[in-house]
Amino acid sequence: PDMTGQELIERIIQDNPGLPIILCTGYSNRIDSDVAASLGIGAFLLKPLETRQLLQSVRNVLNRTGKPVQ
């Protein structure tokens, strides 16, 4: 509550550095792909999106972090 999405992301990264994050939004005038990258977000997706795009983004982000797929 009382926190923007960007503040939430910054808090998550502060508390859990290296946690893979994918941001998916329909519209944002605050965060775009450049801002997302500067925050450390692994992937920035715009809705609507296809399942294949989401799956590929998850795979790419996990590959970069070295986190195993469960």
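For the chain, a crude dipole built from +1 on the beta carbon of Lys and Arg and -1 on the beta carbon of Asp and Glu, taken about the Cα centre, is about 360 debye to the nearest 20. Ordering Asn60, Leu46, Ile13 by Cα displacement along the dipole of the chain toward the positive end leaves Asn60 in first place; charges were set at the Cβ atoms of Lys, Arg (+1) and Asp, Glu (-1). Rolling a 1.4 Å probe over the heavy atoms of the protein chains gives the chain an accessible area of 76 Å² per residue. Across the alpha-carbon set of the chain, the Rg to Rh ratio works out to 0.96, Rh being the Kirkwood radius.
The values are calculated or read from the model by the stated rules, or taken from the named source; none is laboratory data. All values derive from a computational prediction rather than experimental measurement. Methodologically, a virtual Cβ is constructed for each residue, glycine included, from the backbone with ideal geometry; neighbour enumeration extends over all protein chains shown. All accessible areas refer to the heavy atoms of the entire protein, side chains included, with ligands and DNA or RNA removed. Shrake-Rupley method; radii C 1.70, N 1.55, O 1.52, S 1.80 Å.
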